[in-house]
1. What is the spin-label model distance, in nm, from residue 25 to residue 47 if the labels are put 7 Å beyond Cα along the C-beta direction?
2. Normalised by the residues of region 1-151, what does the relative contact order come to in percent, with Cα pairs under 8 Å and at least six apart?
3. For a label point 7 Å from the Cα of residue 55 along Cα→C-beta, name the residues of region 73-113 whose backbone N is under 15 Å from it.
4. What are the equivalent ellipsoid semi-axes of region 65-169, built from the alpha-carbon gyration tensor (square roots of five times its eigenvalues), in whole angstrom, biggest first?
5. Pop a pseudo-label 7 angstrom from the Cα along the beta-carbon direction at both residue 64 and residue 133 and give the gap in nm to one decimal.
6. Mind checking the full-extension length gain between residue 124 and residue 102? Use 0.36 nm per residue of separation minus the Cα-Cα distance, one decimal, nm.
7. For residue 150 and residue 117 in one chain, what is 0.36 nm times their gap in residues minus the Cα-Cα distance, to one decimal in nm?
8. Write down the Kirkwood hydrodynamic radius of region 1-42, to one decimal in angstroms, obtained as one divided by the mean of 1/r over all alpha carbon pairs.
């Protein structure tokens, strides 16, 4: 298996509550996120959404799809959603939400610690890892663009970075996220 550690940051000109509501409505992601091909709810979870299980089928720019199930493990309303994934990709995801300034900008950070389970991907990883990373970043950029469009907002910034390796499921030190963002900002201005 091959481990990947991604951080995506979206900055949008949309109110936090609208961004939160749209991202929490996973059943409708395929309406605005072009790379989401299918979402099936397998378990709705509790009233707060914790325990919800969904099967998602993804297709990026490269000629393959990934299908995996996600289970929501924690929700802190308007601040954070944590999940675990099992299937062709396995690991943990953490969505974090905050606002900047007077609340006109909503910042969404997604940290994705994942490993692939498809044999062909693992065999090709020594050569194709940069392509797999690029494809992940493509998927996330399309998500940010789709989210902005459905909210009639502007995607001010979309940054993607590989994070330093961490054990799957471990809490990330906020300094790592800031350092990763700084690296991406620096690299994008070269």
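1. According to this spin-label approximation, the distance is 2.2 nm.
2. Computed over region 1-151, the figure is 29 percent.
3. 86-89
4. One finds semi-axes of 27, 17, 12 Å for region 65-169.
5. Going from the residue 64 label point to the residue 133 one covers 1.7 nm.
6. 3.2 nm
7. 8.6 nm
8. 12.6
Rule-based calculations on the coordinates, nothing more; no lab input. Predicted model, so just to flag it, every value in this text is computed and none were measured. Note: ideal-geometry Cβ built from the backbone for every residue, glycine included; neighbour counts use all protein chains shown.
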